[in-house]
Amino acid sequence: TGYITLDDGYGNTGSCKSAITYIDGDAGILRYRGIPIEDIAGRSSFVEAAWLVIFGKLPTVQDRNRFSDLLTENSMMNENMRKHFDGFPTAAPPMAILSAMINTLSAHEPAVWSAHDDESIERAAAVLLSKARTIAAAAYKSSIGEPIVYPRYDVKYVENFLHMMFSVPYREYKPSKTAVKALNLFLLLHADHEQNCSTSTVRMVASSQANMFASCSAGVCALWGPLHGGANVAVIEMLERIRESGMDVKEYVRKVKNREDGVKLMGFGHRVYRNFDPRSKILRAAAEDLLEEMHVTDPLLDLGRELADAALSDDYFIERKLYPNVDFYSGIILRAIGLPVDMFTVMFAIGRMPGWIANWKEIHDDPKGRIYRPRQVYIGPTDVQWKPRSER
Ligand code: CMC
């Protein structure tokens, strides 16, 4: 195949130039727009981090107020969109609903995504961020057969999401400050992570000049798989399986090493981090604080800790430089807040939305951008004769 170089899984291919997120995988460094993640975590809200990721600098008070107003104004779904929910079966996976409904936004809001000046792009970003949250909560309500709850106009982004998730007609849900803080942290730690599978997907779609909403709905689909965003569900399922079977964690580690039943240690390993995942460090501490503040004990946190310690002292994991990633502890936080397991990957999607939008925008803003069109190494036959049906 001549000049084509194969890089299986793109382990060593830079697919683009980007000024959004910096990662040094050997040193465990993650920065959004040059600011270390440790400085953003606990100081900024998710919305502030989102604006930083998308627009390249910390928002001024004016930026922040304007963007908050845009989020509030655009929090309601188009009333016609609610009809789509009637078509989904009860118990449909919320990720299936989210990806379909974000694409549906393109149909309901063409005026929003078809304008290309800076003001319109900020509006489109706010529409997507705000409505993705409303759709996510509605997907959950629909999946449990409860009526969809309208957003409020007097509470912030995360509170509003929890309100739409957990309020019922006879009782308004008021989340605790601790839960709101923890969810803000969870979301902002997911806000961007350079060219992961879903973000590369968004850029691929965006490179054809597809609109922001269509590009980001492709990102939701890519995120769903268990090797990517679906890992936060897979971790909890793995911990539950271990607990129910009464298996010793060392026994599970042995199974992983021997690839018995094809099991992996979910929530471990990363293509880029070869030392530690800084998000996982922050989330482990946050999970411990959260459970303590909420006076909750979760046997899965203890089991997770034990499993991580057993793996981290095992040669298999040491040699391969496998460490807990962002998905290892995040599920413990989401469980403590009361979110059901099938919403975990949806939460990741809401968190990653700023990164997808920022990457879409980077492509959109580049006048010299070329369509993404990787090559392949063809390995099939080259000289096959066509035969009439009677001879096949
Ligand atoms: N458990 C057991 N062995 C593993 C694991 C694991 N979690 N991860 C990697 N390995 C082994 C892998 O089998 C290979 O061994 P060998 O050299 O003997 O064939 C070696 O480590 C190198 O791994 P790789 O498969 O080349 O790594 P990759 O960069 O292609 O895949 C990964 C990265 C994250 C998909 C992988 O580590 C994995 O499947 N982890 C579990 C799923 C998971 O937690 N995903 C979330 C990733 S972080 C957030 C996100 O992207 O959503």
When both residues are 6+ apart or on different chains and their Cβ atoms are under 8 Å apart, which pairs have a first residue that lies in the stretch 197-210 and is farther than 16 Å from Lys368 by Cβ, and a second that is away from the ligand (no atom under 16 Å from the Cβ) and among the polar types (S, T, N, Q)? Val202/Ser215; Val205/Ser215
Answer with yes or no whether Val272 is within 12 Å of the ligand (Cβ to nearest atom), surrounded by 22 or more Cβ atoms within 10 Å (Cβ to Cβ), under 18 Å from the mean Cα position of the chain (by Cα) and not charged (D, E, K, R). no
Give, as residue ranges, the helices (runs of 4 or more DSSP H) completely inside the stretch 271-362 that count at least 2 residues that are among the β-branched types (Val, Ile, Thr) and touching a residue at least 60 places away in the same chain (Cβ under 8 Å). 326-337
Which of the residues belonging to the stretch 219-268 are farther than 17 Å from Ala308 by Cα, within 12 Å of the ligand (Cβ to nearest atom) and among the polar types (S, T, N, Q)? Asn258
Out of Asn78, Asn65, sole residue that is in contact (Cβ under 8 Å) with a residue 24 or more places away in the chain, of a type outside the set (A, V, I, L, M) and surrounded by fewer than 20 Cβ atoms within 10 Å (Cβ to Cβ): Asn78
Condition test on Ser68, is it farther than 24 Å from Arg279 by Cα, over 19 Å from the mean Cα position of the chain (by Cα) and outside any loop (DSSP other than H, G, I, E, B)? yes
Quick check: anything in the stretch 31-38 in contact with a Pro (Cβ under 9 Å, 6 or more places away or on another chain), part of a helix (DSSP H, G or I) and not small (Gly, Ala, Ser)? yes
Among residues of the stretch 167-187, those that are surrounded by 12 or more Cβ atoms within 10 Å (Cβ to Cβ) and β-branched (Val, Ile, Thr), counted: 2
Residues (within 13 Å of the ligand (Cβ to nearest atom) and more than 20 Å from Ser99 (Cβ to Cβ)) located in the stretch 331-368: Gly331
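Here, each number is a calculation from the coordinates, and none is a lab measurement. Just so you know, these numbers come straight off a predicted model, no measurement behind them. Because the Cβ atoms are built from the backbone with ideal geometry, glycine has one as well, and the counts that use them run over all protein chains shown.
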